[in-house]
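Working notes, beginning with the structure itself.
Rule-based calculations on the coordinates, nothing more; no lab input. If you're wondering where the values come from, they're calculated on a predicted model, not measured in any experiment. A quick note on method: Cβ atoms are made from the backbone with ideal geometry, for glycine too, and the neighbour counts reach across all protein chains shown.
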Ligand code: ADP
Ligand code: MG
């Protein structure tokens, strides 16, 4: 599937600019096995890059002007690199302008380039098409102009670009897009950015994403509210336990002991965060031991926490996970990403994928009148150059 995307992007480039691209870059979306709403809370997460990608074709333009074409949107724009970069009204262009601005502000020097890109990452479903866009652009400019940028700095520059666009995201999405490895999940410490790979071996189970195909408008405001609620909770914890610097240092017992020192809402948020961080370590052990039934149970537990304590689920995602609990061939399922829509990551016993998909599709349509979208994903490599040999 990606070969066709690469061929089409290359052909579009040649048609647009009259020559073959000098560099082709592939930049993946990501899943997160467990550790949700944890990256901005400085805990552990367990993401992986996937085989859904944005393909970019680049050449130097040999002028001060850069032209960028988004094939999927049938839109293009030009930017003069000698002028000050400013936010535009056209949202997708801001991710690219943000990347250019971050590179310039951090002292990287480069000239005009032409770029064409196209993607098979569903947009806005929680698979981080935005991080793939940022990291692929930075990687392409780095390769084209021979800039020296470490992987981790590509991720950090991408995150800053996204902040500039207006989303106060954590580091997980960009980090996993850049550091992904085939068949490996990444246990990332979002506080120190230390990380280790674990085998993404789900044994007798397949990873399937059920996309609720909804995105409720609460997303942005509630995302920012959760950040504030967690900050409030952490400062109360720190007042009582000065040795604690981040949620990672905090035990569940310590949180429980402060239940009457914080509002009910703040307590629920921090209780979820501390338990979720512990679940990430348990999930790594389960994966290492090949205990996928335990991993699945942890996914169900995470979903319960996200739904009842963190309150970022919605009727559609709760419905999918409830069906998953009833279905014998499914060992685990949870909403993945920020919430209020997007996907449920689900582990289905091999051989039963099609029957579960069919059953869920018709139940979902009968209940909500919405088509369930389904993606099979493979754990794959991070942002890289595409070469034909
Ligand atoms: P996601 O969960 O997919 O990251 P976001 O809302 O964070 O959702 O980012 C999606 C935005 O990224 C889109 O609205 C668009 O501006 C940009 N984007 C992603 N993929 C593409 C693409 N193929 N072409 C143009 N813009 C894209
Ligand atoms: Mg995004």
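Below are the figures for this structure:
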read-out	value
Pairwise label distance in nanometres, residue 376 with residue 89, each label 7 Å out on the Cα-Cβ vector	4.5 nm
Where labels lie 7 Å past Cα in the beta-carbon direction, separation of residue 228 and residue 291 in nm	4.1 nm
FRET efficiency for residue 281 and residue 365, using Cβ-Cβ distance with R0 set to 25 Å, rounded to 0.05	0.05
Theoretical ellipticity at 222 nm over the chain - DSSP helices of four or more residues, -39500 (n - 2.57) apiece, nearest 500	-14000 deg cm²/dmol
Length gained when the stretch residue 254-residue 308 is fully extended (0.36 nm per residue, less Cα-Cα span)	17.4 nm
Anisotropy class of segment 205-376 from Cα gyration tensor, a/c 1.5 cut	oblate
Sites residue 65 and residue 19 - FRET efficiency at Förster radius 22 Å, r taken between beta-carbons, to 0.05	0.85
Ranked 78, 327, 150, criterion: other C-beta atoms within 10 Å, fewest first	150, 78, 327
Residue 147/residue 80 FRET efficiency (R0 22 Å; Cβ-Cβ; nearest 0.05)	0.65
Tilt relative to the chain, helix 91-105 - C-alpha long axis, 0 to 90 degrees, to 10	80 degrees
Approximate spin-label separation residue 203-residue 221, in nm, with each point projected 7 Å along Cα-to-Cβ	4.5 nm
Part-to-part distance (alpha-carbon centres) for segment 73-129 and segment 362-389, which is given in Å	24 Å
Nearest-ten-degree value, helix 151-165 long axis tilted from longest Cα axis of the chain	90 degrees
